[in-house]
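Engineer: Let me begin by handing over the structure; questions about it come next.
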Amino acid sequence: MKRVTVSPGFWLMAAAVWLMEPDLLAPTFFAAAVHEAGHVAALWAVGGRVEGFALGALGARLRMSGGLSYARELPVALAGPACSVLLALGAAGAGWFLTAGISLALGLFNLLPVLPLDGGRAVACLGGMFLSPVGAERLERIAAAVGLGLVLGLGGLCLIRGYGPGLLAMGLWLGKNALVAEKNP
């Protein structure tokens, strides 16, 4: 098994960022690296081990060895967004406002309760800890529908107001990935 796999979607997203604004590429990769480092640190803290990374259009996905309990996986899921917010605060304090904005957006976006995002994993862990399997699945579907509805609604509003199709496209991409994740748990 490869330690790092890179999908064509990752290169497409990197190229899109570079074509839109080349100056965004380095702070975006830095913010993403800090985010993923948060996941890795939390995984090590709960006794887990990283087997590899999969880089895709929506970011990186850790491949972990063995299974973690929901209680141990929850802090791993939330550590990435927490590190993103901490980086945003530190970068803003240092005057690196572009990095701060990118990191804050990355952290908040990843908290959306839609799989495969961190918020979706957190909802799955909470449901698994406190609900029956049927209740947990129902919670995941409701949370995902609300999250996707917000992103698609805001994306449509942004498009209508002349801010471009970016958020709407991301919502559609996220919805497609959520459907794939549901078919292939």
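The values are calculated or read from the model by the stated rules, or taken from the named source; none is laboratory data. A quick note: this is a predicted structure, and the numbers were derived from the prediction, not measured. Cβ atoms come from the backbone with ideal geometry, glycine included; neighbour counts cover every protein chain shown. Accessible surface areas use protein heavy atoms only, side chains included; no ligands, DNA or RNA. Shrake-Rupley method; radii C 1.70, N 1.55, O 1.52, S 1.80 Å.
Engineer: I'd like to know if region 98-121 contains one or more residues that are more than 29 Å from Asp23 (Cα to Cα) and among the small types (Gly, Ala, Ser).
Structural biologist: yes
Engineer: Separate question: How many residues, within region 126-141, are within 20 Å of the chain's Cα centre (by Cα), open to solvent by 80 Å² or more (accessible area, probe 1.4 Å) and at pLDDT 95 or above?
Structural biologist: Qualifying residue count for the region: 0.
Engineer: Across region 148-179, what is the number of residues that are of a type in the set (Gly, Ala, Ser) and either open to solvent by 40 Å² or more (accessible area, probe 1.4 Å) or in contact with a Lys or Arg (Cβ under 7 Å, 6 or more places away or on another chain) (or both)?
Structural biologist: The qualifying residues number 5.
Engineer: I need the strands (runs of 3 or more DSSP E) fully contained in region 1-105, keeping only those with at least 2 residues that are open to solvent by less than 70 Å² (accessible area, probe 1.4 Å) and within 17 Å of Gly120 (Cβ to Cβ).
Structural biologist: 50-56, 59-64
Engineer: Is one or more of the residues making up region 96-104 in contact (Cβ under 8 Å) with a residue 24 or more places away in the chain and out of contact with any Pro (no Cβ under 9 Å at 6 or more places or on another chain)?
Structural biologist: There is no residue in region 96-104 that is in contact (Cβ under 8 Å) with a residue 24 or more places away in the chain and out of contact with any Pro (no Cβ under 9 Å at 6 or more places or on another chain).
Engineer: Right, another one. Output yes when any residue across region 112-125 is in a helix (DSSP H, G or I) and surrounded by fewer than 20 Cβ atoms within 10 Å (Cβ to Cβ), and no when none is.
Structural biologist: There is no residue in region 112-125 that is in a helix (DSSP H, G or I) and surrounded by fewer than 20 Cβ atoms within 10 Å (Cβ to Cβ).
Engineer: So Ala105 ticks every box in (1) within 19 Å of Arg72 (Cβ to Cβ); (2) under 18 Å from the mean Cα position of the chain (by Cα) but one. Which box is left unticked?
Structural biologist: The single condition Ala105 does not satisfy is (1).
Engineer: For the structure I just gave you, tell me whether Glu21 is charged (D, E, K, R) and over 22 Å from Val180 (Cα atoms).
Structural biologist: Taking the combined requirement at face value, the residue satisfies it.
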